[in-house]
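Notes to accompany the following structure.
The values are calculated or read from the model by the stated rules, or taken from the named source; none is laboratory data. Everything numeric in this text was worked out from a predicted model, so none of it was measured. Methodologically, a virtual Cβ is constructed for each residue, glycine included, from the backbone with ideal geometry; neighbour enumeration extends over all protein chains shown. To get the accessible areas, we keep the full protein, side chains included, count just its heavy atoms, and leave off ligands, DNA and RNA. Shrake-Rupley method; radii C 1.70, N 1.55, O 1.52, S 1.80 Å.
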Amino acid sequence: METAVLRWFQQVADGMTVTEVADLDMVSQPGVSRALARLEKEVGAPLLHRSGRTLRMTRAGAAFKRHVDALLHELDDGLAAVDQLVDPSTGTVALAFQPSFGSLLVPDLVRSFHDVRPGVGFELAQVRSEGVVAVLESGAADLALAGRLTDAAVTWRRLLTEPLRLAVHEGHPLAGRAGVALAEAASEPFAALRPASLLRRQSEELCQRAGFRPRVVLEADELPTVHGLVAAGLAVAVLPAGLAAGPGPSSVRLLPLEDPGATREVGLAWSAERRLLPSAQAFADHVLHRAAAGELPVLR
């Protein structure tokens, strides 16, 4: 059944003449009449009968109209919701991000975007690095802040490079150093994220290049937990520098690593298969512009 024909039936049932309906939608009167006749055939019962110069609903028409009213009301609400979503000035951006970006980078980007588009809303969701591609492919997120991604299903654009640090307890023998080679921690117990994490894999590669395999004694799902384990003096860890800007125990010292390649790339990602809605595209343009202009917060 065509939506336009259902609306014509609704309008005639509410008292408009076929001529008025035809004039309103700028179609021919015979075209409206034929469409209403087809509708009756599809429903399988007469819906309207002529009373003088007007059409009245039959009992079947009255029963059918209650459902048509409900259907079109829901449809109109849905269309209004989509209009609001895709309006670049009042839409909603679904942004996923790795937890370590939540304390500094995400607030900076959302605040600066709100300065120019205050009507846009955000749905923010934390996601571990190994889950970024899945949330973008499923449509659960429009955009994601994530480490380097090479999956063909997503488009990834570099925003900045973040140093990696050796995190130690303030009472650790290395805590007072201005910089440290990762090999100096070869005998230490390590805390780390789960093996599927991109940061875990990169940390292990750095350790291998430094000549040792890290002895991981504590594994966690989130960086703040790893940070807390280091603060308790239970282990050392390789952590991103930006983590120091967020909440967490002050007893942790993040020491610059002297090893080549002790950095991670941070970028913006979106599905390569779907077109971004206008509000999400506007936010992506904003983020990429700030990155190109060097206006993103420095993660040291």
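Take every DSSP beta bridge whose two residues both sit in the chain; close to 60 percent of them are antiparallel.
Which order do you get for His227, His169, His67 if you rank them by accessible area with a 1.4 Å probe, largest at the top?
On the way: His227 15, His169 55, His67 125 Å².
Ranked list, largest accessible area first: His67, His169, His227.
Normalised by the number of residues in the chain, the mean separation of alpha-carbon contacts (under 8 Å, six or more apart) gives a relative contact order of 22 percent. Extending 7 Å from Cα along the Cβ direction at Thr17 and again at Asp221 yields two label points whose distance is 6.8 nm. Over all Cα atoms in region 1-146, the spread is summed up by Rg and Dmax: 24.3, 73 Å. Remark: the chain carries a charge dipole of roughly 320 debye about the Cα centre, counting +1 on each Lys and Arg Cβ and -1 on each Asp and Glu Cβ.
Note on His73/Ser103: beta-carbon distance plugged into 1/(1 + (r/R0)^6) with R0 of 45 Å gives a FRET efficiency of 0.55. Projecting the Cα positions of Thr155, Gly78, Val116 onto the charge dipole of region 65-157 (unit charges on Cβ atoms of Lys, Arg, Asp and Glu, taken about the Cα centre) puts Thr155 furthest along the positive direction.
Under a 10 Å cutoff between Cα atoms, tell me which one of Asp14, Asp259, Asp77 has the largest fluctuation in the Gaussian network model of the chain. Highest fluctuation among the options: Asp14. Helix 278-292 axis versus longest C-alpha principal axis of the chain: approximately 30°, rounded to the nearest ten.
Per residue, the accessible area of the chain comes to 51 Å², computed with a 1.4 Å probe over protein heavy atoms only.
Once you charge only the Cβ atoms, +1 for Lys and Arg and -1 for Asp and Glu, what is the size of the charge dipole of region 1-133 about its Cα centre, to the nearest 20 debye? Write out the running numbers ahead of the final one.
Values: 13 positive and 17 negative charges, 146 e Å.
Here the size comes out at about 700 debye.
Comparing Asp83, Asp142, Asp115, which has the greatest mean-square fluctuation in the GNM of the chain with Cα pairs linked when under 10 Å apart? Checking each option, the largest mean-square fluctuation is seen for Asp115.
Across all Cα atoms of the chain, the radius of gyration (one decimal) and Dmax (whole number) stand at 29.9, 100 Å. Roughly how many Å² of Ser100 are accessible to a 1.4 Å probe, to the nearest 10? The accessible area of Ser100 comes to roughly 10 Å².
If you place +1 on the Cβ of every Lys and Arg and -1 on the Cβ of every Asp and Glu, how big does the dipole about the Cα centre of region 116-176 come out, in debye to the nearest 20?
On the way: 6 positive and 7 negative charges, 47 e Å.
Around 220 debye, computed over region 116-176.
Full extension of the chain segment joining Ala62 with Arg275 gains 72.4 nm, where the gain is 0.36 nm per residue of separation less the Cα-Cα distance.
Put a dot 7 Å past the Cα of Lys41, heading toward its Cβ, do the same for Thr3, and the two dots end up 2.4 nm apart.
Relative contact order for region 7-98: 22 percent, from Cα pairs under 8 Å spaced at least 6 residues apart, divided by residue count.
How large a share of the accessible area of the chain, in percent, is made up of carbon and sulfur atoms when the probe is 1.4 Å and the other protein chains stay in place?
Details: 7960 of 15360 Å².
Looking at the chain in its full context, I get 52 percent from C and S.
For region 1-92, the list of GluC sites (Glu not before Pro) that fall in a loop by DSSP and count at most 14 other C-beta atoms within 10 angstrom reads Glu2. Solvent exposure of Phe190, expressed as accessible area, is near 10 Å², computed with a probe of 1.4 Å over the protein chains only. Between the helical axis of 59-86 and the longest alpha-carbon principal axis of the chain there is an angle of about 30 degrees.
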